[in-house]
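Trainee: Let me give you the structure first, and then I'll get to my questions.
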Amino acid sequence: MSEVLIVDDDHNFRETLRELLSDAGYQTRIATNAEEGIALLQTTTPDLTLCDWKMPGGGGEQFLKSLQSEGLLTTMPVIILTAHGTGPNAMQAMQLGAYDFITKPLDIDLALATVARAVRHMELQREVEVLRQQRFRDSSLEDLIESDEGSKPQLIGNSPAWIEVFKNIGRVAATDVGVLLLGESGTGKEVVARAIHQNSARSRRSFIILNCAALPPELLESELFGHERGAFTGAVAQKRGKFEAADGGTIFLDEIGELPLSLQPKLLRVLQEHTFERVGGTASIHAAVRVIAATNRPLEDDVEQKSFRADLFYRLNAFTVRLPPLRERQSDILPLAEYFLARYAQRNQLAATGLAADTVVALQNYSFPGNVRELEHLIERAAVKAGGRAITAELIQEELAREKSAAPGIFDAQAAEALPFHEAVARWERHLLEQALKASHGNKSDAARRLGIHRRLLYEKLTQLGMLSSSAF
């Protein structure tokens, strides 16, 4: 029978948890704070510990640090339980070696499932160790030898879906593993990439960003790997590429699904060997760079259609973080809106305004297809119109109605006739771009082909019409 140590200062919660675990078939031991729990571990070896994050006399942070210093986290998983379920706390707990992080009040089924998973994980780890020891005894030495920049990013929100993102950042940041960020446009992929970099050992080195869809293939190769003087027309001097600039740091490759097939083997080589040549050069250049890639497309489909190399996909996909759309984290809408409003006031040296009570309901009743980026722009536009007064639900509804009138697939030719020529043309161009992007499921290369224009021109038009944001989200 597996034994679980419960470390919590709340007597009623502690006893309720003890009863739940006993009914589920676990033996339990009790400690009221981190110091008492650490003392108990000198005389007993439980299979798992459930520890509160904040307690008088020492909480979860102290408990994890003590176990980490004694090397006990590899032999006993720790699940943090807390009523202070903030993202930064979750990320810190995971970085300190916690197995998982669960918020109070407990979802009983989730808590018991997590306990069972952690215990099973420990059992499997012990089985592996037994097999390893058996193999060591049965193998010869020869057999064993043969086999053997900037400010902190703002990650706003404490919804369960967003806390999962914090936990994954905590798990992967301290490693050197490549990361693939998946999520719809506007969900915050660049912000998460920055957070991974800032919490890694590479944080003092460069964080370089490159959008793989923003340049034609011939220029993209030069941006990635650099070029030698005279490598092509216009190459009047040697140029360092992004990989050289990111040496020792992190490179964030956004819209990786748009990387041309011709460049994919070169990127794979960098990931595998950490070497490359500049365009027009022959000397191999070494760059120890961590790659974080992002896409809003299912790359598995591109692999199946032979437009994305399978070996590159599996290399990039070493660790995946899925970013939930805003509609799956409704409880984060208010703190995000307040953050964007305060930031707008600070940037424009204005007195901070607030949100009227009915505004929150109006925001939470909207699905935000553009995700966090759309919320950010909505709040800024509303703040301008509010003119220093509180933002009302009526003002939000007016802005949302304005967006809806310009939704994809809608073009009012009669209304356009009353507009100045350039504005009418801009509306028609927006309509064509939206239709092409919708038909291509957001694939900008495919959208450009459908429109019969170069991908670079597509990006220029998206930028001109405000459809391509430079926001971190």
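Trainee: Go through segment 351-376 and give me each residue that's assigned to a loop (DSSP other than H, G, I, E, B) and within 12 Å of Ile333 (Cα to Cα).
Mentor: Asn365, Tyr366, Ser367, Phe368
Trainee: Here's a follow-up. May I ask you to list pairs of residues, at least six apart or on different chains, whose Cβ atoms are under 7 Å apart, with the first in segment 291-306 being closer than 17 Å to Leu210 by Cα and the second being of a type in the set (Ser, Thr, Tyr) and modelled with pLDDT of 90 or more?
Mentor: Ile292/Thr250
Trainee: Something else: Return the total of residues in segment 60-70 being under 31 Å from the mean Cα position of the chain (by Cα) and open to solvent by 10 Å² or more (accessible area, probe 1.4 Å).
Mentor: 6
Trainee: How about segment 315-338: which of its residues are open to solvent by 60 Å² or more (accessible area, probe 1.4 Å) and either within 13 Å of Leu181 (Cβ to Cβ) or of a type outside the set (S, T, N, Q) (or both)?
Mentor: If the condition is that a residue be open to solvent by 60 Å² or more (accessible area, probe 1.4 Å) and either within 13 Å of Leu181 (Cβ to Cβ) or of a type outside the set (S, T, N, Q) (or both), then Arg315, Ala318, Arg322, Arg327, Glu328, Glu338 are the ones that fit.
Trainee: Out of all the residues in segment 178-191, which are open to solvent by less than 30 Å² (accessible area, probe 1.4 Å) and either under 21 Å from Gly97 (Cβ atoms) or not hydrophobic (A, V, I, L, M, F, W, C) (or both)?
Mentor: Gly178, Val179, Gly183, Gly186, Thr187, Gly188, Lys189
Trainee: Determine whether Ala93 is under 19 Å from Phe166 (Cα atoms) and touching a Gly at 6+ places or on another chain (Cβ under 8 Å).
Mentor: Considered against the rule, which asks whether it is under 19 Å from Phe166 (Cα atoms) and touching a Gly at 6+ places or on another chain (Cβ under 8 Å), Ala93 comes out as yes.
Trainee: Would you check if Ala98 is assigned to a loop (DSSP other than H, G, I, E, B), within 24 Å of the chain's Cα centre (by Cα) and modelled with pLDDT of 80 or more?
Mentor: yes
Trainee: If you take the residues in segment 1-13 that are touching a strand residue (DSSP E or B) at 6+ places or on another chain (Cβ under 6 Å) and of a type outside the set (D, E, K, R), which one is most open to solvent (accessible area, probe 1.4 Å)?
Mentor: Met1
Trainee: Is there any pair linking a residue in segment 263-285 that is farther than 10 Å from Phe225 by Cβ to one that is small (Gly, Ala, Ser) and open to solvent by 70 Å² or more (accessible area, probe 1.4 Å), with Cβ under 7 Å and at least six apart or on different chains, and which?
Mentor: Every condition considered, the pairs that remain are Thr275/Ser284.
Trainee: In segment 115-127, is there at least one residue being modelled with pLDDT of 90 or more and either crowded, with 20+ Cβ neighbours inside 10 Å or touching a helix residue (DSSP H, G or I) at 6+ places or on another chain (Cβ under 6 Å) (or both)?
Mentor: Yes.
Trainee: Restricting attention to segment 157-177, which residues are buried (at least 18 other Cβ atoms within 10 Å of the Cβ) and part of a loop (DSSP other than H, G, I, E, B)?
Mentor: Within segment 157-177, Gly157, Asn158, Ser159, Ala173 meet the criteria.
Trainee: Same structure again: Filter segment 339-367 down to residues that are over 23 Å from the mean Cα position of the chain (by Cα) and surrounded by fewer than 16 Cβ atoms within 10 Å (Cβ to Cβ), then give me how many there are.
Mentor: 14
Trainee: May I ask you to say which residue of Ile379, Ile453, Ile396, Ile410 is assigned to a loop (DSSP other than H, G, I, E, B) and at pLDDT 80 or above?
Mentor: Ile453
Trainee: Just wondering, is there one or more residues in segment 140-154 that are open to solvent by less than 80 Å² (accessible area, probe 1.4 Å), part of a loop (DSSP other than H, G, I, E, B) and modelled with pLDDT of 55 or more?
Mentor: yes
Trainee: A further question follows. Could you tell me whether Glu223 is more than 17 Å from the chain's Cα centre (by Cα) and modelled with pLDDT of 90 or more?
Mentor: yes
Trainee: Could you please find all residues in segment 14-29 being open to solvent by 40 Å² or more (accessible area, probe 1.4 Å) and among the hydrophobic types (A, V, I, L, M, F, W, C)?
Mentor: Matches in segment 14-29: Leu20, Ala24.
Trainee: Could you please find all residues in segment 171-210 being among the small types (Gly, Ala, Ser) and within 28 Å of Phe368 (Cα to Cα)?
Mentor: Gly183, Ser185, Gly186, Gly188, Ala193, Ala195, listed by residue number.
The values are calculated or read from the model by the stated rules, or taken from the named source; none is laboratory data. Everything numeric in this text was worked out from a predicted model, so none of it was measured. Counting neighbours? That spans all protein chains shown, and the Cβs are built from the backbone with ideal geometry, glycine included. In case anyone asks, the SASA skips ligands and DNA or RNA and just uses the protein heavy atoms, side chains included. Shrake-Rupley method; radii C 1.70, N 1.55, O 1.52, S 1.80 Å.
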